[in-house]
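Take a look at the structure set out below.
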Amino acid sequence: MFYNDAIKHLTRNNREYIDTTIQDSNGKTIVHYICNSSRSVCEDIAWIPECQFQQADSRGLTALHYAVKRGNIPLVQFFLNRLDSTHSEHVTKTTTMTQLDHYGRTLLHYATESSRTEIIDILLSRGCNIDAVDHKKRTLTHHAASIGKVKAIRKLVELGATDQLSAVDLEGNTPMDLARSCSAHDVVEFLRSTCTNTERENDDTAQIKHQDRISSTVKQWSNIKAFSELGLFLAGILFTSLILISLLIFHPTLASCYDFRSPLSL
């Protein structure tokens with residue numbers, strides 16, 4: 001079943017006859033189907049008991065997951081506002097925002113499936129982790145690349161998640177590998193150009209750091225040389241002083257071995 005205008009009309013006019021707890025073979029209730037539409041509005045789910053918003057289907061997806069993946073901003077805001085205002089034992093804010101599906105994917109993973117990248121900003125403002133990975137160690141960029149979502153990848157790069165471009169999952173795949181495997185040519189081209197620019201920036205940064213290390217090394221050697229010269233100078237003074245002290249100490253002994261008489265006494 002797909003939530004279209006006909007079903008919307010039926011649910012609005014027959015709410016008293018609908019059992020919202022019934023699940024289909026995939027574990028989905030009417031709530032999941034309503035939220036799995038970009039055209040649903042808050043009125044479509046406002047009548048459903050709040051405790052069912054947290055119910056997950058067979059894949060571990062809640063109503064919020066579906067609203068996020070469809071980019072339905074009004075519904076996403078509806079759920080988030082409920083989290084801010086509710087005191088119900090059925091809804092826990094921290095649990096809802098960090099709830100994973102059975103594959104370890106976060107809300108942000110599903111946000112990359114929508115062409116409305118504002119969803120990513122909304123979730124980040126609510127404390128979601130941009131560096132989250134699923135059970136296969138796939139980043140948000142991995143997930144977006146695997147389904148050809150170039151707009152989401154561009155958004156993640158703009159947000160500074162450039163480390164994800166070279167990240168490797170448990171199967172040894174980078175986002176580029178996944179994009180190629182699903183023939184997402186626009187994603188491949190974007191990743192290629194972005195990675196080239198990133199590598200160039202990294203090379204420039206590495207060169208600057210290398211020059212800094214060379215300058216630091218030269219400075220250290222200059223300091224060592226200055227200390228060495230000072231040490232040699234002090235060692236020379238010490239050696240000369242020892243010689244003079246030795247002469248003063250041993251001079252009477254040496255004098256007794258010879259007859260140093262004054263010429264006036266002759």
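The values are calculated or read from the model by the stated rules, or taken from the named source; none is laboratory data. Quantities reported herein were computed from a predicted structural model and do not represent experimental measurements. So basically every Cβ, Gly included, is an ideal-geometry build from the backbone, and we count neighbours across all protein chains shown.
The figures follow:
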| quantity | calculated |
| --- | --- |
| Residue tally, condition assigned to a loop (DSSP other than H, G, I, E, B) and within 21 Å of Lys69 (Cβ to Cβ), over segment 21-45 | 14 |
| Residue within segment 128-135 that is out of contact with any His (no Cβ under 8 Å at 6 or more places or on another chain) and either touching a residue at least 40 places away in the same chain (Cβ under 8 Å) or not in a loop (DSSP other than H, G, I, E, B) (or both) present | no |
| Total residues in segment 54-68, condition of a type outside the set (Gly, Ala, Ser), in a helix (DSSP H, G or I) and crowded, with 21+ Cβ neighbours inside 10 Å | 4 |
| Complete set of residues in segment 1-14 that are part of a loop (DSSP other than H, G, I, E, B) and exposed (fewer than 13 other Cβ atoms within 10 Å of the Cβ) | Met1, Phe2, Asn4, Asn14 |
| Residue in segment 84-96 that is at negative phi, assigned to a helix (DSSP H, G or I) and at pLDDT 85 or above present | no |
| Failed criterion for Phe78 (all others in (1) of a type in the set (Phe, Trp, Tyr); (2) out of contact with any helix residue (DSSP H, G or I) (no Cβ under 7 Å at 6 or more places or on another chain); (3) touching a residue at least 12 places away in the same chain (Cβ under 8 Å) hold) | (2) |
| The one condition in (1) touching a His at 6+ places or on another chain (Cβ under 7 Å); (2) closer than 23 Å to Asp44 by Cβ; (3) surrounded by fewer than 18 Cβ atoms within 10 Å (Cβ to Cβ) that Glu118 fails to fulfil | (1) |
| Residue that is surrounded by the fewest Cβ atoms within 10 Å (Cβ to Cβ) [pool: residues in segment 15-53 that are under 18 Å from Tyr110 (Cα atoms) and aromatic (Phe, Trp, Tyr)] | Tyr33 |
